[in-house]
Amino acid sequence: MKRPNVFFCCVLLGLAPAACGPGLEPESDGSGTAIDPDNPTITVSGRAEVFPEATRLLATQGQAAPALDGFGLTLEEPLGVGVNDAHAVLGQGRVEAGGGFTVPDVAVKGIHLSLAARVEHEGFVPSSTILFDTVFTRTRPTLDLVDTRVWALPNAFHDALTRAVGEQAIRAQTGGAAGTLKDAGFLLGRVVDAKGAPRAGVRVVGENNDVTAHIYYPSADFQGANQKLTSETGLFVYVHSGGAPDVFGLAVKGEKAYLTRNVGASQGSALIVTFYPADPAAP
């Protein structure tokens, strides 16, 4: 399952097939302003919000989702950050009142596999949300990205996910090195249909059995997790080994409309991805 850093170097140089998963909706490359070919930068705008399932969980506990106003926001090539690539940070901004954000002058040439937005703040798990995925375009963005969504994971939601997967399982996947998802590093994914609705009863598989063995499906009430199929939330969690960053392929088993992605995981943080059909007309 683990890949040496030389593999990451190949990926970052564009020598491997692209792809990380996007946000809950297809990215909006097509609604913005065309870039200047002599100055290839784009503006990325949208909203930062607490992850929907986290909002629901907090509501069952009588708590409102916290506001993200003033949070720092970093645009990055996420797998580059995982291997400490000095050029992986592509832009920085701040979440405005009401959750909106606009980050200008994001360098297109730094986007090899995907573009993600990272939020880090006290009380939240450091996490990156994919905003643009080259697996769908086979090229870098050619237009500004508008109406994107960036998700934040409160610690209370992380703790619920950790309990669902179970400390024993996490320690087994990390050789005893970590007892929480954040300490191990994890990928939080969601499988949705063409309309963005979560899909129950689907299975996400890795490029080999070792990768698949690290995937768990939290129950809808987050009281447990299995390694068989998604619940009504469509969520799955990949538990990282807790060691060096990994990159690996994931696919939705038996469904060709969902393209295979190259995703990654690194210790101490979360990558948030969504699997949806490449063909909007696909069932």
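The values are calculated or read from the model by the stated rules, or taken from the named source; none is laboratory data. Keep in mind that what you see is a predicted model, and the values were worked out from it rather than measured. Positions of Cβ are backbone-derived with ideal geometry, glycine not excepted, and every protein chain shown enters the neighbour counts. Each accessible area value is taken on the protein alone, full model and side chains, heavy atoms only, with ligands, DNA and RNA left out. Shrake-Rupley method; radii C 1.70, N 1.55, O 1.52, S 1.80 Å.
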| task | Give segment 90-106 a look and list any residue that's among the hydrophobic types (A, V, I, L, M, F, W, C), free of Cβ contacts under 8 Å to residues at least 60 places away in the same chain and surrounded by 20 or more Cβ atoms within 10 Å (Cβ to Cβ), or say none. | result | LEU90, VAL95, PHE101
| request: Kindly indicate which of VAL211, VAL150 is part of a helix (DSSP H, G or I), touching a strand residue (DSSP E or B) at 6+ places or on another chain (Cβ under 6 Å) and either small (Gly, Ala, Ser) or closer than 30 Å to GLN223 by Cβ (or both). | output: VAL211
| said: With the requirement that a residue be buried (at least 22 other Cβ atoms within 10 Å of the Cβ) and modelled with pLDDT under 95, what does segment 30-58 give you? | reply: ILE42
| remark: Expected output for segment 178-195 (first residue modelled with pLDDT of 95 or more, partner among the charged types (D, E, K, R), Cβ below 6 Å, 6+ apart or cross-chain) is GLY179/GLU167; GLY179/ARG171; VAL191/ARG199; ASP193/ARG199
| remark: When segment 246-261 is checked residue by residue, the ones that are within 16 Å of ASP210 (Cα to Cα), of a type outside the set (A, V, I, L, M, F, W, C) and surrounded by fewer than 21 Cβ atoms within 10 Å (Cβ to Cβ) are GLY249, LYS253
| query | In the list ASP221, ASP210, which residue meets the criterion of being of a type in the set (D, E, K, R) and closer than 21 Å to PRO154 by Cα? | reply | ASP221
| query | What single numbered condition from (1) within 20 Å of GLY185 (Cβ to Cβ); (2) part of a helix (DSSP H, G or I); (3) open to solvent by 10 Å² or more (accessible area, probe 1.4 Å) fails to hold for LYS109? | reply | (1)
| query | Which of (1) part of a strand (DSSP E or B); (2) at pLDDT 95 or above; (3) not aliphatic (A, V, I, L, M) does GLY249 not meet, given it meets every other one? | reply | (2)
| message | Of all residues being β-branched (Val, Ile, Thr) and within 17 Å of the chain's Cα centre (by Cα) in segment 123-149, which is surrounded by the most Cβ atoms within 10 Å (Cβ to Cβ)? Just the residue, please. | response | THR129
| Taking the condition part of a loop (DSSP other than H, G, I, E, B), in contact (Cβ under 8 Å) with a residue 12 or more places away in the chain and more than 15 Å from VAL44 (Cβ to Cβ), does HIS121 pass? | yes
| Among the residues of segment 59-89, which ones are surrounded by fewer than 19 Cβ atoms within 10 Å (Cβ to Cβ), touching a residue at least 12 places away in the same chain (Cβ under 8 Å) and among the small types (Gly, Ala, Ser)? | ALA65, ALA67, GLY70, GLY72
| task | Scan (1) under 21 Å from the mean Cα position of the chain (by Cα); (2) part of a loop (DSSP other than H, G, I, E, B) for the single condition GLY175 breaks and write down its number. | result | (1)
| Can you pull out the residues in segment 180-201 that are open to solvent by 10 Å² or more (accessible area, probe 1.4 Å) and either over 17 Å from GLY264 (Cα atoms) or in a strand (DSSP E or B) (or both)? | THR180, ARG190, ASP193, ALA194, LYS195, GLY196, ALA197, PRO198, ARG199, ALA200, GLY201
| said: I need a count of the residues in segment 158-172 that are in contact with a Ser or Thr (Cβ under 9 Å, 6 or more places away or on another chain) and surrounded by fewer than 20 Cβ atoms within 10 Å (Cβ to Cβ). | reply: 2
